[in-house]
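Here's the structure we're looking at; comments come further down.
The values are calculated or read from the model by the stated rules, or taken from the named source; none is laboratory data. This one's a predicted model, so the numbers in the text were calculated from it and none came from an experiment. Please note: Cβ atoms are built from the backbone with ideal geometry, for glycine as well, and neighbour counts cover all protein chains shown. The accessibility values were calculated without ligands, DNA or RNA, using every heavy atom of the protein model including side chains. Shrake-Rupley method; radii C 1.70, N 1.55, O 1.52, S 1.80 Å.
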Amino acid sequence: MRTPGPVLAYRRRRTKAVEEQIDAVERALGVLGYPWISLPLHIRVALREYQLGDTWARVQKFCRLMLAYYGAMYVTALVRNEPWNPGAMVAFLFFTLPLWLIIPTFWAPRYRRRYLLVAACVAAISACAEARTKGGILRPWVLQSVSSEVAAVERAIFRARRDHQTVARGRHFRQADLRRHAERVVAALRAAEGRLDVDRQDVALEALSGLLIGIASSAGAGRIGALLPESITDRYKDVRVRDWEVLRTAAVALAITGAAVAVGLLGLEEAAAWAVIAGVFMLAALAAFGSQWRRQIPILDLFRPS
């Protein structure tokens, strides 16, 4: 069967975009003091697969929103005791088409997360290169971007043992080994990032990017239990680093739940109740996640009044 022309055109565009990203990363490594490094094949494949999974994950998210909107219209009609006649076009655009697309893309979010660590390391390397080339009044802002990207890498490191799905449930000894290794790798990253405040920043950025490319290489090859060599991580074997993201997310959800219960007891109108819940969400998310608070917006959607 011959592949349709639009599919071939999409594949060519996606391949070109990934190749441009790879070229940009190799230029960034050259700026950071690693001009001899050429990204190995497994990193290139990981970036391509990440882009594929990300594209289809966006399609699936859009389809979920369409189905949620269609369901909200249906529930609203039932609550108001109104006849439900959406029409053929509305039913096709908001129900049939999203349902037809969401089934074959069900794998996409999980597939995207499998290569998230490689993509996060690449983004952090690009931020390091930008910080090294920028100076003057722009340097504090680009260094803040480096810190944010490294924080994203840390989250991906802690999630790697779940996202790669190479360990069956109940194999606690393997999960414990991977968790301890993740703590040591994060501790090494934090120590390298901390040198930005001590050493010459160009030297510190070079050392930090060296760790990042090593993590990306190991993650792309599936070696999540050896993201960095033991010669680097052994010095941090007594350092305890915890992943508090789950607890912080639970705290934000608890704050929103409390706000929803409070507005229900006060008997506020729907508009006022939603304003109070949204305000509590923003305050709780900012307190728990800082500049990354927008990642918690999907939690707020669960409490959105229909």
Next item on the list: Please give every one of the lysines within straight-line cross-link reach of residue 61, meaning a C-alpha to C-alpha distance under 25 Å, and leave out same-chain neighbours fewer than 8 residues apart.
Entry: 16
Notebook entry, point to check: Hey, what did the chain get for relative contact order, percent, Cα under 8 Å, at least 6 apart?
Noted result: 17 percent
Item checked: Accessible area (Å², per residue) of the chain, counting only protein heavy atoms and a probe of 1.4 Å -> 58 Å²
Margin query: Placing unit charges on C-beta atoms (Lys and Arg positive, Asp and Glu negative, everything else neutral), compute the dipole magnitude of the chain about its Cα centre in debye, rounded to 20.
Written below: 860 debye
Margin query: Counting only protein heavy atoms and a 1.4 Å probe, tell me what percentage of the chain's accessible area is made up of carbon and sulfur.
Written below: 60 percent
Next item on the list: For 202, 54, 197, 177, give the ranking by accessible area with the largest first, probe 1.4 Å.
Entry: 197, 177, 202, 54
Notebook entry, point to check: Dipole of the chain (Lys/Arg Cβ +1, Asp/Glu Cβ -1, origin at the Cα centre): which of 239, 226, 72 lies farthest to the positive side?
Noted result: 226
Next item on the list: Set the Förster radius R0 to 30 Å, insert the Cβ-Cβ distance between residue 72 and residue 17 as r into 1/(1 + (r/R0)^6), and round the FRET efficiency to 0.05.
Entry: 0.30
Next item on the list: Putting +1 on Lys and Arg Cβ atoms and -1 on Asp and Glu Cβ atoms, find which of 124, 105, 92 reaches farthest to the positive end of the dipole of region 26-159.
Entry: 124
Item checked: Using θ = phi - 60° and Karplus 6.51 cos²θ - 1.76 cosθ + 1.60, couplings along region 112-118 (whole Hz; Gly, Pro as x) -> 5, 5, 4, 10, 5, 5, 4
Item checked: Probe 1.4 Å, all protein chains present, accessible-area order of 215, 103, largest first -> 103, 215
Next item on the list: Between the alpha-carbon centers of region 53-88 and region 190-226, tell me the distance in whole angstrom.
Entry: 44 Å
Margin query: Modelling each spin label as a point 7 Å along the Cα-to-Cβ direction, I'd like the residue 42/residue 230 distance in nm, to one decimal.
Written below: 1.9 nm
Check: For residue 148 and residue 268, what does the FRET efficiency come to when R0 = 41 Å and r is the distance between their Cβ atoms, rounded to the nearest 0.05?
Finding: 0.70
Next item on the list: Please work out which option in (1) 1.03; (2) 0.96; (3) 1.05 gives Rg/Rh (Cα atoms, Kirkwood Rh) calculated from these coordinates, and answer with its label.
Entry: (1)
Notebook entry, point to check: Using a basic spin-label model with each label point 7 Å from the Cα along Cα→Cβ, how many nm lie between residue 251 and residue 26?
Noted result: 4.5 nm
